[in-house]
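Heads up, the thing below is written out as structure tokens.
The values are calculated or read from the model by the stated rules, or taken from the named source; none is laboratory data. Note that the structure is predicted; figures quoted are calculated from it, not measured. Positions of Cβ are backbone-derived with ideal geometry, glycine not excepted, and every protein chain shown enters the neighbour counts.
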Amino acid sequence: MPNRPSLHAVETGVCFVDVVHKLNDSFDTGKTQSLEWRKSQLKALETLLKDNQHDILQALKNDLGKCKTEAMVAEQGFLLSDIKHTLKHLDKWAKPRKVSTPMVAWPGKSFRKPEPLGTVLIIGAWNYPLQLLLAPYIAAIAAGNCAVLKPSELAEETSSLVAKLIPQYMDNSCVAVIEGGKDEATALLACKWDHIFYTGGEVVGKIVMSAAAKHLTPVTLELGGKSPCFVDKNTNLAVTARRLVWGKWMNAGQTCIAPDYVIVEKGFEQKLIDAVKKELKKQYGKAPLSSRDYGNIVNHRHLKRLESYLENVNVVYGGELDESRPAMAPTLVLEPSLDSPLMKEEIFGPILPIITVDNMEAGIKFVNSRPKPLALYAFSDKDDVLDNIISKTSSGSVCTNDTMLFMTNPELPFGGVGNSGMGSYHGQAGFDTFSHIKTVMKRSFALDVFFRYAPFSKFKLSL
Ligand code: NAD
């Protein structure tokens, strides 16, 4: 059973001691251990998502201008298929995993037995405010935990909808939603948890990790970074541009795994720019700021941040703003200075810088001189070019000849490496993240080999 939380009221006066105590008490009853309870909760969440589709899509539209199809695919639909996959495999995942036993321990049996951690804290980000909060929650339920969910305050409507719906559908003795921003998050982090699962930026990631360290609480950090995209000159340019546009400008570029910048060999840049422009017009029309399929920037502060990236760089396409939405048109920048904020910070918006290199090896060198990215993309007709990039770079995930699609495979763990995060989830990886894989060895009283025991002087060993 998990330790009781030792909680401090924080300077702000916000304190969640009662919430955590209540969830710990529920966990201690053992009800979440039962697979029936876990399945019933997963089904309840499925019903919540289905019953409230209209309100969910509306909240996402209001928060981020997300078009219906995008919201259905990347948020509601993603979660529904995650639940389906989890329900299908839960019995197998939760079973003790038998492993071999060395002769020295015969007769005996060895297992790796997943057990729930206890009460976990899940802090979500605003860009996919439903998916990033509830996908870890699905894994937490599957593994048999109680959970506190802290949605992002920047996606206000989604946050309040989740806070309204969760108590209506879920077992309230095992889950709580705490809305709020920094103060509430700080107060939550002061509590002792059995695991903290955080999605967001690196700066806050460090705050989360140091708060967790005070209680030796394990963390999963789903962070971000600059995800590069190599485009080799030997590529199917039309399909490359189409998939690049899809991955970069979905949610107006506010996707943690969106291609952040493109690397091409010198001389190929104009061909790519022309193909991307053509594709942008196809997907979002000549006036993307009026397109219903094109998303908003989350708020004016972020629009200003993005606008500032366009100072002193060569904008070759786009750059228009609509302060009222707020939104920024799809924008291409050619050869920005590698020391510019555009090339130093994660863009997290609709600007795509294109940098040129002498050859792909130089591109690999450049990527390896920067913090390890969350995702890395490479387009080429040639397998050896792709394999070379895969083997010489390190990133949370890598996807060739497409962008972001690896997210659709629940068999693939999703997470970062180095500065882009630690730990992973989706499918069984999520179940394991929210479980302790306990070592179990079952022995019998038979065959009690005498030479294990002292006094060892009884053996006349000649060395
Ligand atoms: P953020 O770090 O500003 O906020 C994320 C969460 O942290 C919110 O719930 C917020 O309330 C909370 N928070 C804010 N300040 C805090 C503080 N001082 N102490 C404790 N909690 C605090 O991140 P963001 O702007 O919401 O998200 C953008 C970043 O997240 C980008 O870097 C992006 O790449 C990354 N991201 C990563 C993933 C992923 O799955 N790896 C997904 C989405 C976003």
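Brief remarks follow.
- Candidates Leu374, Leu412, filtered to the one that is more than 28 Å from Lys281 (Cα to Cα), of a type outside the set (Ser, Thr, Tyr) and surrounded by fewer than 22 Cβ atoms within 10 Å (Cβ to Cβ): Leu412
- Flag for Asp18 being out of contact with any His (no Cβ under 6 Å at 6 or more places or on another chain), without any contact (Cβ under 8 Å) to a residue 60 or more places away in the chain and on the phi < 0 side of the Ramachandran plot: yes
- Candidate set: the range 116-142, residues that are farther than 20 Å from Ser26 by Cα and in a loop (DSSP other than H, G, I, E, B); chosen: the one farthest from the ligand (Cβ to nearest atom): Leu130
- Identity of the residue in the range 143-189, outside any loop (DSSP other than H, G, I, E, B) and acidic (Asp, Glu), that ends up farthest from the chain's Cα centre (by Cα): Asp183
- From the options Lys266, Lys271, Lys281, Lys248, residue that is at pLDDT 95 or above, within 16 Å of the ligand (Cβ to nearest atom) and among the basic types (Lys, Arg): Lys248
- Any hit, the range 278-293, residues being buried (at least 18 other Cβ atoms within 10 Å of the Cβ), of a type outside the set (Phe, Trp, Tyr) and part of a strand (DSSP E or B): no
- Of all the criteria given as (1) part of a helix (DSSP H, G or I); (2) closer than 26 Å to Leu405 by Cα; (3) over 18 Å from the mean Cα position of the chain (by Cα), the one not satisfied by Lys66 is (1).
- Picking from residues in the range 175-214 that are more than 9 Å from the ligand (Cβ to nearest atom) and among the aromatic types (Phe, Trp, Tyr), the one that is farthest from Ala135 (Cα to Cα) is Trp193.
- Any helices (runs of 4 or more DSSP H) falling wholly within the range 340-443 and containing at least 3 residues that are out of contact with any Lys or Arg (no Cβ under 7 Å at 6 or more places or on another chain) and within 16 Å of the ligand (Cβ to nearest atom): 341-344, 427-433
- In the range 157-174 there is no residue that is in contact with a Gly (Cβ under 6 Å, 6 or more places away or on another chain), touching a residue at least 60 places away in the same chain (Cβ under 8 Å) and more than 8 Å from the ligand (Cβ to nearest atom).
- For beta carbons closer than 7 Å, sequence separation of 6+ or different chains, a first residue in the range 42-63 that is surrounded by fewer than 15 Cβ atoms within 10 Å (Cβ to Cβ) and a second that is part of a helix (DSSP H, G or I) and among the aliphatic types (A, V, I, L, M), the qualifying pairs are Asp55/Leu161.
Quick grid of which residues meet (1) part of a strand (DSSP E or B); (2) acidic (Asp, Glu); (3) more than 24 Å from Ile437 (Cβ to Cβ); (4) at pLDDT 95 or above:
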residue	(1), (2), (3), (4)
Asp25	no, yes, yes, yes
Gln41	no, no, no, yes
Ala59	no, no, yes, yes
Leu80	no, no, yes, yes
Ile83	no, no, no, yes
Asp91	no, yes, no, yes
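- Verdict on Thr217 being crowded, with 16+ Cβ neighbours inside 10 Å and more than 13 Å from the ligand (Cβ to nearest atom): yes
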